[in-house]
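Reviewing the structure listed below.
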Amino acid sequence: MYAPTRLAELPAEPTLEEIRAFLAPHIAREAVFDGWSDDALKNAAAANGVDADVARLAYPDGAIDMIDAWIGDIDAQMRETYPPEKLAEMKIRERIRVLVQFRLDAVTGTKEALRSATAIMANPRHAVRTAKTSWRSADLMWRLAGDTATDYNHYSKRTILSGVYGSTLMVFLGDDSENHHDTREFLERRLDNVMQFEKLKYQFLNSSENRPSLSRFLGRLRYPAR
């Protein structure tokens, strides 16, 4: 189960990076009521003995930095909870399902903070930062699941998983069913679609008839069809 923070306490003379990581989940709990605001930061800092001005230095870009650090904390907790060896006995589909479900469980008590964070990340001026954050989490999930692809599959898998996770979060935000049953069902359906797609892609790429031919391609460049 997700713990609210990775550090039991800060070192005597913490770095800004340590403060950033430590305060992020505390700010998220405050953001349930105050949004990702300066008030949320100040309240979290005061409750944990951190000077508010120093805390602000840990998040120079404000709300988007706080959200990024919160997601980073969830990433770190997921890595600690589900190292690759713990997932090794599961099929790939189950590994991904477990990891996505972990992330949903991690934000269950801070749904309003997630709702606010989603709105902020959807702002066009945060598009690049949002894309990087989403990619980072998808990449981590695939690496924990044992993926070692280095070709275009590396990118396609992460792009698809980002879409699955993002759409599942949107369902989760509006889900009032018991134990988020509707979200779980939605996730299962999306994973079924992904597995079907991966199977078809594998069959296509391993078909001698459909396999791309570099020599044929170069030949057509030299002798175009008439």
Restricting to the stretch 131-154, what's the tally of residues that are touching a residue at least 40 places away in the same chain (Cβ under 8 Å) and β-branched (Val, Ile, Thr)? 1
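Quick grid of which residues meet (1) under 13 Å from the mean Cα position of the chain (by Cα); (2) part of a helix (DSSP H, G or I); (3) loosely packed, with under 15 Cβ neighbours inside 10 Å:
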| site | (1), (2), (3) |
| --- | --- |
| Glu85 | no, yes, yes |
| Arg95 | no, yes, no |
| Gln101 | yes, yes, no |
| Thr110 | no, yes, no |
| Arg115 | no, yes, no |
| Ile120 | no, yes, no |
| His126 | no, yes, no |
Does Ile71 count as without any contact (Cβ under 8 Å) to a residue 60 or more places away in the chain and either under 20 Å from Thr118 (Cα atoms) or not aromatic (Phe, Trp, Tyr) (or both)? no
Just to be sure before I move on: is Ile120 among the aliphatic types (A, V, I, L, M) and either under 25 Å from Glu80 (Cβ atoms) or at pLDDT 95 or above (or both) in the structure I sent? yes
Would you be able to tell me the number of residues in the stretch 146-164 that are part of a loop (DSSP other than H, G, I, E, B) and surrounded by 12 or more Cβ atoms within 10 Å (Cβ to Cβ)? 3
Could you check how many residues of the stretch 165-185 are in contact with a Ser or Thr (Cβ under 6 Å, 6 or more places away or on another chain) and either at pLDDT below 95 or in a helix (DSSP H, G or I) (or both)? 2
In the stretch 165-174, which residues are surrounded by fewer than 20 Cβ atoms within 10 Å (Cβ to Cβ) and in contact (Cβ under 8 Å) with a residue 60 or more places away in the chain? Leu169, Leu173
With the structure loaded, tell me whether Ala58 is in contact (Cβ under 8 Å) with a residue 40 or more places away in the chain, buried (at least 22 other Cβ atoms within 10 Å of the Cβ) and over 26 Å from Ser162 (Cα atoms) or whether it fails that test. yes
Tally the residues that are buried (at least 16 other Cβ atoms within 10 Å of the Cβ), part of a helix (DSSP H, G or I) and not small (Gly, Ala, Ser), restricting the search to the stretch 39-55. 3
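The values are calculated or read from the model by the stated rules, or taken from the named source; none is laboratory data. As the structure is a computational prediction, the values presented were derived from the model and not from experiment. Because the Cβ atoms are built from the backbone with ideal geometry, glycine has one as well, and the counts that use them run over all protein chains shown.
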